[in-house]
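What follows is a single structure, written as structure tokens, with notes after it.
The values are calculated or read from the model by the stated rules, or taken from the named source; none is laboratory data. Everything numeric in this text was worked out from a predicted model, so none of it was measured. Backbone-built Cβ (ideal geometry, glycine too); neighbour counts: all protein chains shown. Accessible surface areas use protein heavy atoms only, side chains included; no ligands, DNA or RNA. Shrake-Rupley method; radii C 1.70, N 1.55, O 1.52, S 1.80 Å.
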Amino acid sequence: MKSPAVISQYLSAVNLLHRMHGLPPCPATTFEVQQTLRGIKKSLAHQPRVRHPLTPEVLLTLRSHLNLAQPRDLTLWSAILLAFFTYLRKSNLVPPSSARFDPLKHLSRQDVLLAHTGLLVTVTWSKTIQANERTVSIPVLAIPHHPLCPVAAYRKMIRTLPGNPSDPAFLLPGTTNAQPNFLTTSKFEKAFNALIVTAGFPKGHFTLHDLRRGGYTLAFEAGVPRELRRAHGDWRSDADLLYLKLSLHQRLRLPAAMRTIIQTKHNIHSMDTH
């Protein structure tokens, strides 16, 4: 048991089971339980894994260790870029297994509209969309003549590995009309983790979710308003704020702005500050 949060989740599960069977609620909010949880938190002294947003510099490093003339590497690269630029979770990008592909939940070729200037990705199911109550359209623009262009990578992939509109978005070599071969969660994670190590990073330093984190962080650094960042990633809570790990250079913007206000509006030249 490494994390106090896991114990809280177990208590919530027990409480749910009580309600489902008509039993009194689990007294998880009592003084005794709360004090016990506080003691467990102190004794375990759990420190969550440090998250690392995947930056454009890291993406370029990863690209340099891929052979994009190989269809398998091309599919992996296209999935990586689409995850970065759309903020999509892996549960949307790829199915959990070959037998569990659901075109209503997972990205298929017909969900990605390709145009000369960009892509329009349509999502009808996600962590925050469980009953087809709405759809989310995510625009992705081309970056002409740049190695990180997601549109060029996707266009090259579908040209190299053509498929039917209802096929999974990220096909692999060996696909036939009768039996498509495609990227799944396990294949994606295994290939991504191997690429991270090949590129010289420690094992486990980056995860697929860090692509979502990296895209969000890049938009923040570009000054994109938070409401646009949240809409792009379809956040329904304040969880997006947990994605930001501000550098000292970024945090200096606040005291610098305060200094500027003082200097421009409240400057008193005659006062000796020494």
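Can you tell which of 120, 219, 142 lies farthest toward the positive end of the dipole of the chain, using +1 and -1 charges on the Cβ of basic and acidic side chains (Lys, Arg; Asp, Glu)?
Result: 219.
Using only helices, what value at 222 nm comes out for the chain when you add -39,500 (n - 2.57) per DSSP H run of length 4 or more and divide by the total residues, to the nearest 500 deg cm²/dmol?
-13500 deg cm²/dmol
Mind checking which of 157, 11, 260 is farthest towards the positive end of the chain's charge dipole, using Cβ charges of +1 (Lys, Arg) and -1 (Asp, Glu) about the Cα centre?
Checked the options; the winner is 11.
May I ask you to give the percent of accessible area on the chain that is carbon plus sulfur, with a probe radius of 1.4 Å?
60 percent
Ranked highest first by the average count of other Cβ atoms within 10 Å around their residues, in what order do 254-265, 205-216 fall?
With the highest mean Cβ count within 10 Å placed first, the list reads 205-216, 254-265.
Please compute the per residue accessible area over the chain with all protein chains in place, 1.4 Å probe, rounded to a whole number of Å².
The answer is 61 Å² per residue.
Find the centroid of the Cα atoms in region 52-114 and in region 150-219, then give the distance between the two in whole Å.
3 Å
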